[in-house]
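Visitor: Sharing a structure below in structure tokens format, with a few things to ask.
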Amino acid sequence: MAALLDNTCHISVNSTYVNVEGRTEKFMERKRSIIQLFDVSKQYGAGYALKNITLSVKVGDLVFITGASGAGKSTLLNLLYLATPVTRGQIIVGGMNLARLSPEKIPYLRRRIGVIFQDFKLISHRSVFDNISLVLEAAGQPPAVIKKKVEEVLERTGMTEYMNALPPSLSGGQQQKVAVARAVVGDPDIILADEPTGSLDACSAEVITRYLMEYKEKGTTILIASHNTALINSTGFDVLYTLEAGQLAQPGENICAAMNPIMGNETRGRVS
Ligand SMILES: Nc1ncnc2c1ncn2[C@@H]1O[C@H](COP(=O)(O)OP(=O)(O)OP(=O)(O)O)[C@@H](O)[C@H]1O
């Protein structure tokens, strides 16, 4: 079965080979999974934020989690970072079974993941520089390396002049850039990004998106939760999952007309 995504992207789900914008890859055998969810559910009280989610993400893939407000996108990312515990099911990240991870191993998991939270979660009484450098201090990096790396990510995100500022004195967009800088500074294996350009103007969004895609090119696995079709189209994707009221959309149930024609709950390429 072949589905036409747009003029430049054809997908053949029965084939080992996929052609995305002229790139032909033997993707199914080449890559191993770095994230796996098996029948995962998350309940808040009596309500389900996520229900029976089974999916996997391969090393180096750019994966979008899309869906309407309240569909469960942020919850999914939060589970991967152990920001909130799973109610049922199993989650494996980088070979670690999160249900069996002892409290002292959680920092190890988190050092391998860079997170851009939707609400940024910056430490309000520490400077921009400190918010970013804490990641490297926790990883035991020497001060000279920390200074060099923090200055580099500040420069790349256009935040050098604000390095001594406290987060509450910054605009939402500036705080989001700091959150991006903090997420990438440790050169993580996985980046989890929740609407990473949601507070940015168009020009800044382009700069930040390109910066994140440099990490994709270096082999970092990136999961982006977003309902921003422009963002999705600006990067393309390896896999796109659509959530609908906490469940993966079934074939033909993609809820956003703008996302059509997507076939099934997983696809590759671009949306039209
Ligand atoms: N801490 C919480 N306590 C109770 N309910 C929660 C909590 N966090 C999320 N929820 C509920 O879980 C569901 C999924 O929320 P989530 O934030 O994951 O959605 P989302 O797809 O990221 O939405 P948005 O696009 O608006 O950010 C919603 O019904 C929400 O109200």
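Visitor: Based on Cα positions only, what radius of gyration and what Dmax would you give for the stretch 75-154, in angstroms?
Guide: In order Rg, Dmax, the Cα atoms of the stretch 75-154 give 14.6, 44 Å.
Visitor: 5 Å is the cut-off here: which amide hydrogens, built 1.01 Å from N in the peptide plane, fall below it relative to Ala225, excluding neighbours closer than 5 in sequence?
Guide: So Ala225 has HN proximity to Ile65, Ala193, Asp194, Glu195.
Visitor: Rank these by accessible area, largest first, 1.4 Å probe: Tyr108, Tyr162.
Guide: Tyr108, Tyr162
Visitor: Of the accessible area of the stretch 61-102, with the probe set at 1.4 angstrom, what percent is carbon plus sulfur?
Guide: On the way: 750 of 1510 Å².
In the stretch 61-102, the share of accessible area belonging to carbon and sulfur is 50 percent.
Visitor: Assuming 1.567 mPa s and 4 °C, estimate D for the stretch 128-188 with Stokes-Einstein, Rh taken as the Kirkwood radius over Cα pairs, in µm²/s.
Guide: 115 µm²/s
Visitor: Moving on. Going by amide H atoms built from the backbone, whose H comes under 5 Å of the H on Glu244, apart from near neighbours?
Guide: For Glu244, whose amide H was placed from the backbone, the distant partners under 5 Å are Ala249.
Visitor: Run the quick spin-label model on Glu137 and Asn52: label points 7 Å from Cα toward the beta carbon, then report their separation in nm to one decimal.
Guide: 4.7 nm
Visitor: Per residue of the stretch 45-60, what does 6.51 cos²θ - 1.76 cosθ + 1.60 with θ = phi - 60° give for ³J(HN,Hα)? Whole Hz please, x for Gly and Pro, Karplus curve as stated.
Guide: Karplus values, whole Hz, x for Gly and Pro: x, 7, x, 9, 7, 9, 9, 6, 8, 10, 7, 9, 10, 8, 3, x.
Visitor: Another one. Could you report the accessible area of Arg156 in Å², rounded to 10, computed with a 1.4 Å probe on the protein chains as they sit in the structure?
Guide: Per-residue accessible area (Arg156): approximately 80 Å².
Visitor: Amide H neighbours of Lys58 under 5 Å, counting only residues 5+ apart in sequence or on other chains, H built in-plane at 1.01 Å?
Guide: Result for Lys58 returns Ile34.
Visitor: For the stretch 33-253, report the accessible area per residue in Å² (1.4 Å probe, heavy atoms, rounded to an integer).
Guide: The answer is 43 Å² per residue.
Visitor: For the stretch 33-253, just list the percent of Cα-Cα distances falling in each 5 Å bin from zero outward, please.
Guide: For the stretch 33-253, the binned pair fractions read 1, 7, 15, 19, 20, 16, 12, 7, 2, 0, 0 percent.
Visitor: Okay, next question. Once you've got the Cα coordinates, tell me which of Lys105/Lys218; Lys177/Lys216; Lys42/Lys177; Lys149/Lys177; Lys148/Lys218; Lys149/Lys216 are over 23 Å apart. Please report the intermediate quantities before stating the final value.
Guide: Values: Lys105/Lys218 26 Å; Lys177/Lys216 18 Å; Lys42/Lys177 30 Å; Lys149/Lys177 15 Å; Lys148/Lys218 20 Å; Lys149/Lys216 18 Å.
Distance filter (> 23 Å) returns Lys105/Lys218; Lys42/Lys177.
The values are calculated or read from the model by the stated rules, or taken from the named source; none is laboratory data. Bear in mind that the values here come from a model prediction, so they are computed numbers and not experimental data. So basically every Cβ, Gly included, is an ideal-geometry build from the backbone, and we count neighbours across all protein chains shown. Areas reflect the complete protein model, heavy atoms only, side chains present, ligands, DNA and RNA absent. Shrake-Rupley method; radii C 1.70, N 1.55, O 1.52, S 1.80 Å.
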